[in-house]
Structure formats: structure tokens, C-alpha cells
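Everything on this sheet refers to the single structure shown next.
The values are calculated or read from the model by the stated rules, or taken from the named source; none is laboratory data. All of these numbers come straight from a predicted model, not from anything done at the bench. Here the Cβ positions follow ideal geometry from the backbone for every residue, glycine too, while neighbour counts run over all protein chains shown.
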Amino acid sequence: MSPILKVEHLAKSFDGVDAVKDVSFEVMPGELKALIGPNGAGKSTCFNMLMGQLKPSSGQVFLRGKPITGMPPRRIWRMGVGRTFQITGTYQSMTVAENVQMALISHHRRLFAVVPHAYRLYRDDALALLELVGMADQADRACSILAYGDLKRLELAIALSHRPGLLLMDEPTAGMAPRERVALMQLTADIVEERGISVLFTEHDMDVVFTHAHHIMVLNRGELIAEGTAAEIRADERVQQVYLGGGTLFAQDGPDA
């Protein structure tokens, strides 16, 4: 089986400072893969290069075997890559359904067509996506009054609007309550299984990571220092040094109290 995403020797420097150094990895079809590391490790910089927001200093990125390095985000999006961000970016003056409809209108290249009647376009498709993420009952609510966890679920629906084969999620549970974090990542895992898409996500909540990720990569000071299953990452001495100065990252039956 060929990887949906392949990264080779990716690197990025800012004014002589290496933010990402010689990072290589693969994401396989249907895989839920985590990229973790302390603040400043280079996770968001790596994501921004994958999606085209930043041009790498060196290295290559391949999507289904095709080079996408340095392509603008809109082209990468068109090729079937979705993304969610640490900070949600919905249209606050629109309803929940209208936000998803806007993404669908863009996907179908109808941004400049029948503008006065845009509110009618793809509403059924939007409602189906909202049903998928558990938001159908809030379709006609204004985004400005949504709870933060609901905004995160809405953002997921928007990211799924063009049926991506690969979804990049940059700290999807940031700012959420513990129960909301668990629910969102369980929802993501269910969608991965149901639709067969691949997900690469960054996350600081280790409980979420070890519960849901099929494989985990650890980035520290721009370098990929470990990759493996949850059990392998827990046992890795370099990872333990990075997170807890040599202590145990998590016990086998869950996080320490």
C-alpha cells in the first residue's frame, strides 16, 4: 500500500534559526497519526509547509506520489487535503449551515454564481455534514453564539466539505474542556474508520493522543526524535527526557493522576 502523504528531508529556517530539520515520514491511507512535541518543537511550522502556507527551505512533500512542495494552499486543498486550525475561523455573522454551505459553494466553484440565492445552494449537503459531526440540530443558529467546542465541530464539518483524502488537524482540541476533547477525537476516529480518510494531527493532550492515534511521531527542536505505537513512544527514553526529564510519560493503563 502506498502512502497518501510522504515527506522527505523537510526543513525550514528563519534568519538562520532551524525551526524544522530534516524531517521525513509517511501517512498511510486510513491512518490516524499524531505529531507531538513541546511548545516550539516545530509542529505548526511543519503543518504550514505541508499545506503550502510556508515554502520549505529544503525537502519534498508528495501527495499520492505527486509532488506538492511549495504549491499554494488552494491547489493543495483542491487535490484533496483538508485542514483545521488551532484558532477557529468561521463567519460569525452567518448561521452554522451557511458556513458549511460556503465551503461547499467554493468546492463546486460557484462563488460568483447566483450570489443572491447562495443561501439555497447545497443546504442538504451541508445538513448531512452537520449530522455527521453532531451539529444538525444547530444548523440555523448564528456562529456568534456557539460554544467553543461546537465551533470546533463546525470547523471539522467545513474541512470535510470537499471530501478530502487527507485531513490535517493542528491542535484540534486546543481550548476545549477535557470531556469535549475526548468527544471530538472520538468523532474524528469514527470518521476516519467510516470514510477511510487519513488524519495527521498535532496535540498537547497526551491522553487524547495515546487513546486515538494509530502511530505517534515526536518532534523536538525541529527534529523528529521518535516514531512508533503508543507503547513504543511511552517507553522511549528520549521522549521521556523531553516531556518529564526522565520520568514515565504515561502508565500503561492511562495518564498519571
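Where helices (runs of 4 or more DSSP H) sit wholly within the range 1-115, those with at least 3 residues that are in the same structural domain as Ile225 (by TED's automatic domain parsing) and under 30 Å from Glu131 (Cα atoms) occupy 43-51, 73-78. Of the set (1) under 19 Å from the mean Cα position of the chain (by Cα); (2) surrounded by fewer than 18 Cβ atoms within 10 Å (Cβ to Cβ), all apply to Gly82 but (2).
Could you check the range 29-60 and list, in sequence order, the residues that are of a type in the set (S, T, N, Q), under 23 Å from Thr229 (Cα atoms) and either surrounded by 15 or more Cβ atoms within 10 Å (Cβ to Cβ) or modelled with pLDDT of 95 or more (or both)? Within the range 29-60, Ser44 is the sole residue that qualifies. Of the listed requirements (1) touching an Asp or Glu at 6+ places or on another chain (Cβ under 9 Å); (2) under 19 Å from Leu200 (Cβ atoms), Leu54 misses just one: (1).
Among the residues making up the range 128-187, those that are touching a residue at least 24 places away in the same chain (Cβ under 8 Å) and of a type in the set (Val, Ile, Thr) are Val133, Ile158, Thr173, Val182. The residue list Val209, Val242 contains one member that is modelled with pLDDT of 90 or more, under 30 Å from Asp18 (Cα atoms) and not in a loop (DSSP other than H, G, I, E, B), which is Val209. Scanning the range 161-183 for residues that are aliphatic (A, V, I, L, M) and either buried (at least 23 other Cβ atoms within 10 Å of the Cβ) or within 11 Å of the chain's Cα centre (by Cα) (or both) returns Leu166, Leu167, Leu168, Met169. Contact map, the range 205-225: first residue free of Cβ contacts under 8 Å to residues at least 24 places away in the same chain and in the same structural domain as Met28 (by TED's automatic domain parsing), second residue of a type in the set (A, V, I, L, M) and buried (at least 22 other Cβ atoms within 10 Å of the Cβ), Cβ cut-off under 8 Å, separation 6 or more or different chains; pairs are Ile225/Val218; Ile225/Leu219.
Let's see how each residue does on (1) within 25 Å of Ala41 (Cα to Cα); (2) in contact with a Leu (Cβ under 6 Å, 6 or more places away or on another chain):
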residue	(1), (2)
Leu127	no, no
Leu132	no, no
Ile145	no, no
Asp150	no, no
Leu154	no, no
Ser161	no, yes
Gly165	no, no
Met169	yes, no
Ala174	yes, no
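Taking Ala189 as the residue in question, decide whether it is part of a strand (DSSP E or B) and at pLDDT 90 or above. For Ala189, the condition - part of a strand (DSSP E or B) and at pLDDT 90 or above - is not met. Among residues belonging to the range 116-160 that are among the charged types (D, E, K, R) and under 23 Å from Met79 (Cβ atoms), point out the one that is surrounded by the fewest Cβ atoms within 10 Å (Cβ to Cβ). Only one residue tops the list, namely Asp125.
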